[in-house]
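Enquirer: Pasting in a structure now, in structure tokens, and then I'll have a few things to ask.
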Amino acid sequence: MTSLRSCTRSVCNRPAVATLTYVYAECTAVVGPLAAYAEPHSYDLCEMHAARLTAPRGWELVALEFDAADLAPSSDDLEALANAVREAARPAVAAAGGGGPELIEVGRRGHLRVLRDYSPE
């Protein structure tokens, strides 16, 4: 599965695999794995541009080692996500407090739920 974000270098349309950030107070540039979210003061880079990056004169470059292939979602991740979606879609049986009738959720719209009496007859 490839990234939906692309390299921020001009004319490059390869998928981003790394994120570049600057720590101005320490004159340091940091390149690491692709951040979960695009930040306004960071730059997404493809594998080629991340490998060729150099820091400005007088700055230190910290390149965190990572393998882009290891960061891609595995089949276990996708299976866990599918199971979570199935579980969330399954109608939930909720017992009302104090010995009242059992209710089953049959619908939802936003934060509102539609409940019906559940009778196991």
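What follows is calculated from the coordinates using simple rules that are stated; it is not laboratory data. Here the structure is a predicted model, which means the values were calculated and not measured. With ideal geometry, Cβ positions are generated from the backbone for all residues, glycine too; neighbour counts draw on all protein chains shown.
Enquirer: Determine, for VAL85, VAL31, the number of other Cβ atoms within 10 Å of each Cβ, and report the residues in order from fewest to most.
Expert: VAL85, VAL31
Enquirer: Here's another thing I want to ask about it. Roughly speaking, what is the stretch gain from LEU112 to ARG86, that is 0.36 nm per residue apart minus the C-alpha to C-alpha distance, in nm to one decimal? Intermediate values should be presented prior to the final figure.
Expert: Working: separation 26, 0.36 × 26 = 9.36 nm, distance 1.96 nm.
Extra length from LEU112 to ARG86 when fully extended: 7.4 nm.
Enquirer: Using the 10 angstrom Cβ neighbour count as an exposure proxy, how do GLU47, GLU39 rank, fewest first?
Expert: In increasing order of surrounding Cβ atoms, one gets GLU39, GLU47.
Enquirer: I would also like to ask the following. Order these by the 10 Å Cβ neighbour count, fewest first: CYS7, CYS12.
Expert: CYS12, CYS7
Enquirer: In nanometres, what is the gap between the two model label sites at LEU4 and ALA63, each 7 Å from Cα along Cα-to-Cβ?
Expert: 3.0 nm
Enquirer: Find, among the chymotrypsin sites (Phe, Trp or Tyr not before Pro) in segment 15-57, those assigned to loop by DSSP (not H, G, I, E, B) with at most 10 other beta-carbon atoms within 10 angstrom.
Expert: TYR37
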